[in-house]
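Working notes for the structure below.
Just so it is clear, none of the values below were taken in a lab; they were calculated from the coordinates. Bear in mind the structure is a predicted one, so any value in this text is a computation, not a measurement. Cβ atoms come from the backbone with ideal geometry, glycine included; neighbour counts cover every protein chain shown.
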Amino acid sequence: MVLGLESKHWVLSRYEKLWSVFGDRRFTRDEALEALKRVEGDAFSEDSLNVLLSELRRAGLLVVEADVLDARRKVYMLKAPKRLSELVAERDLTRADLEALMKRAADLIRTRVDYEFILILLFLKRVSDKWVVEYKRAYDEALADGLSPQEADKEARSAVYHDFVLTDECLWNNIRRDPTRLAESFSLALKIIAEKNPELQGVVDRADFVRFAESRENLEILRQLVELFSEKRLYEVSPDILGDAYEWVLRYFAPEKAKEGEIYTPREVIRLLVEMLDPKPGEKVYDPCCGSGGMLIVSYKHVEEVYGGDKAKELFLFGQEANPKIRAYCKMNLYIHDIRDADIQLGDTLLYPKHPLGFADLVLANPPWNQDGYDEDVLKRGELWRQRYIYGFTSSQSADWAWIQHMLAMAKDGGGRVGIVIDNGCLFRGGKEGDIRRKVVEADLVDCVLLLPEKLFYNTGAPGAILIFRKGKPVERKGRILFINASSEFIKHPTVRKLNTLSDENIRRIAEAYKSFRDVEGFAKVVGLDEVRANNYNLNVTLYVMPIEGGEEIDIFKEFEELKVLERERAETIAKLEEYIQQIKEAMNS
């Protein structure tokens, strides 16, 4: 094991102090603590010594042996000094490494602590590790250019070399220097980061570490989390791998958070929606209820994979989220994925949209299903309601068609695409919803209705649906709607026993059916508006296409013989029952 670059200022300086006192002779913990306290005072605690000895041992600078006089005690011996360059090794972390780290962190907190703290620690460790590498690179270049050490230090701290502005108080190893003040040090670091980087205000400074660590149990959890994250260096980790680790945390806690109303859309469902809508370089993608950012991130990755990394930077991402905490998750998730330019606004979208109408090439979302409280009186209190809810108002029981109308209003005329993951009930319910649905169908905006498999979502076993709308359909799609019954397109979830998921093959087959826009027996059907009118504008997929049931061959002779056996057994059972009943009657009469 070797030291990370960030450790050099704290660990190596104390290594040198210990070496100046003990050299290569053996010493005890008490002797080491006394030596360091003489230099640094009582601020250097036993907990600080534990951190130091652990780092030195992992760096290969410390030998630990049993005391020959008392095997229960340990004695230590330093190895000869080395240059920092010899102590630092480059080893990229793998996806398995980080997932194992996240699993250990999750096991530490279980459900006792909000997983927000894991996400913030992961974010801060990444930012800190990266800053130190950027500093070291800039510092060495400045020295090579003839600057003095003081001038090089000042130059290397300049914002032009870094993603974020950090001070010494924000660096990971400085924070963990005194384990007894972890909560205070984290709170100060996050406060400074938010002040120095306005885009992170309300993002990293939301978590209250001081309040969190008021209990001794939580303080110990925090200490263990910090030591756990200190094992890995995150500055050379690919954004994809680091992003997957962040997503792993969200996914791991999704079943528990679903009970509290937090919605996590399975990434396979998002991938399907993005494959169907095919975002392209130069387009504006908008999610009106963006949650942790999955729709936007997967759209970005789609363009990166299909059109190349440079082209992905030409995709413009926009989102809005009503929950401040979830918005913070979203912004951190985007940063972790190395997506810096997304515009994520805070606010109630149905009442106070933060983006201009008709601006987006692609609008996609998984809004809260059957959200209550948004009837006509409420929606009319919001902004731009006349331009957004042109097909009517929803009841207070379900805002599904309010979300759909908002999304349609945000899409560009003459080519804007809209994709929404929604409850099946909005496809056939009557009343106000039925009236809105009729008007939207008659406007020829509905492009595709897709029935998903059941048990895909963490918060409901209901199958759900995907609705695709187009403002300005291609000629070959005008006056027609594609219905896809994908209820059988699933595999068992690999880790959650009660859930299903979509395989790559499932996603490919469904996306290809949408793009080809043709009949596939038992799977997809193109339906004219006249047929939909005849069905009273009911968009329930099973009304138009049902899966082909596999026929089972029956051996009639075998079945008949088995039936005769069952009949004989039935007759014997009845005879025995009659015998028992007769015996009971005789006993009662005697």
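Extension gain, residue 390 to residue 567, is 57.1 nm, computed as 0.36 nm per intervening residue step minus the present C-alpha separation. Converting phi to 3J(HN,Hα) with the Karplus coefficients 6.51, -1.76 and 1.60 and the offset θ = phi - 60°, the range 223-233 yields 4, 5, 4, 5, 5, 4, 5, 6, 5, 10, 9 Hz in sequence order, with x at every glycine or proline. For a modelled paramagnetic label at residue 546, 7 Å from Cα along Cα-to-Cβ, the residues of the range 442-456 in reach, with backbone nitrogen under 17 Å, are 451.
In this Cβ point-charge picture (+1 for Lys and Arg, -1 for Asp and Glu), the chain has a dipole of about 840 debye about its Cα centre. Cβ-Cβ distance of residue 310 and residue 72, R₀ of 56 Å, FRET efficiency by 1/(1 + (r/R0)^6): the value works out to about 0.35. When the P(r) of the range 166-269 is calculated, the portion above 20 Å amounts to 55% of the C-alpha pairs. By its C-alpha gyration tensor, with a ≥ b ≥ c as the square roots of the eigenvalues, how is the range 375-514 shaped: rounded for a/c under 1.5, else prolate for a/b larger than b/c, else oblate? It is oblate, given that a/c is not under 1.5 and a/b is not larger than b/c. One decimal place: the segment residue 443-residue 354 gains 29.4 nm when fully extended, by the rule 0.36 nm per residue minus the C-alpha distance. Here the gap between residue 231 and residue 476, fully extended at 0.36 nm per residue and compared with their Cα-Cα distance, gives a gain of 82.4 nm. Charge tally around residue 313: other residues with Cβ under 11 Å, Lys/Arg +1 each, Asp/Glu -1 each, net -3. The label point for residue 240 and the one for residue 278, both projected 7 Å from the Cα toward the Cβ, are 2.2 nm apart. Cross-linked pairs 284/331; 380/439; 331/515; 37/196; 313/478: Cα-Cα separations exceed 27 Å for 331/515; 37/196; 313/478.
Ignoring aspartates and glutamates fewer than eight residues from residue 354 along the same chain, the ones with Cα atoms less than 18 angstrom from its Cα are 199, 287, 321, 341, 343, 383. For the range 348-395, rounded, prolate or oblate, judged on the Cα gyration tensor with a ≥ b ≥ c (square roots of eigenvalues), a/c < 1.5 rounded, else prolate if a/b > b/c? Oblate, since a/c reaches 1.5 and b/c is not below a/b. Placing +1 on the Cβ of every Lys and Arg and -1 on the Cβ of every Asp and Glu, with no other charges, gives the range 95-251 a dipole of roughly 500 debye about its Cα centre. With K and R counted +1 and D and E -1, the other residues having a Cβ less than 11 Å from that of residue 267 yield a net charge of 0.
Once the Cβ-Cβ distance of residue 574 and residue 495 is raised to the sixth power relative to R0 = 56 Å, the FRET efficiency obtained is 0.65. When a/c is below 1.5 the answer is rounded, else prolate if a/b is larger than b/c, else oblate, so apply that to the range 253-543 with a ≥ b ≥ c taken from the square roots of the Cα gyration tensor eigenvalues. Rounded, since a/c falls under 1.5. Label-to-label distance for residue 370 and residue 150 is 7.1 nm, based on points extended 7 Å past Cα in the beta-carbon direction. With respect to the chain, whose longest principal axis is taken over its alpha-carbon atoms, helix 29-40 is tilted by about 80°.
Each Cα pair of the chain feeds into the Kirkwood radius, which the Stokes-Einstein equation turns, at 20 °C and 1.002 mPa s, into a diffusion coefficient of 76 µm²/s. For the chain, the residue among 411, 147, 316 whose Cα projects farthest onto the positive side of the dipole built from Cβ charges is 147. With a cut-off of 11 Å between beta carbons, the residues surrounding residue 474 carry a summed charge of +3, where Lys and Arg count +1 and Asp and Glu -1. Using the Cβ-Cβ distance between residue 521 and residue 397 with R0 set to 51 Å, the FRET efficiency from 1/(1 + (r/R0)^6) comes to roughly 0.85.
Listed by chain and number, the lysines whose alpha-carbon sits under 17 Å from that of residue 455, ignoring those within fewer than 8 places in the same chain, are 257, 259, 492, 498.
If the limit is 29 Å between Cα atoms, which of 17/125; 191/280; 301/325 go over it?
191/280
Going from the residue with the fewest nearby Cβ atoms within 10 Å to the one with the most, 26, 568 rank 568, 26. Comparing 428, 464, 337 along the charge dipole axis of the chain, the residue lying farthest to the positive side is 337, per the Cβ-charge model. Distance between the pseudo-spin-label points of residue 99 and residue 57 (7 Å out from Cα toward the beta carbon): 3.0 nm. Pairs of Cα atoms nearer than 8 Å and 6+ residues apart set the relative contact order; for the chain it is 9 percent. Beyond 18 Å, the tail of the calculated P(r) for the range 95-251 holds 60 percent of the Cα pairs.
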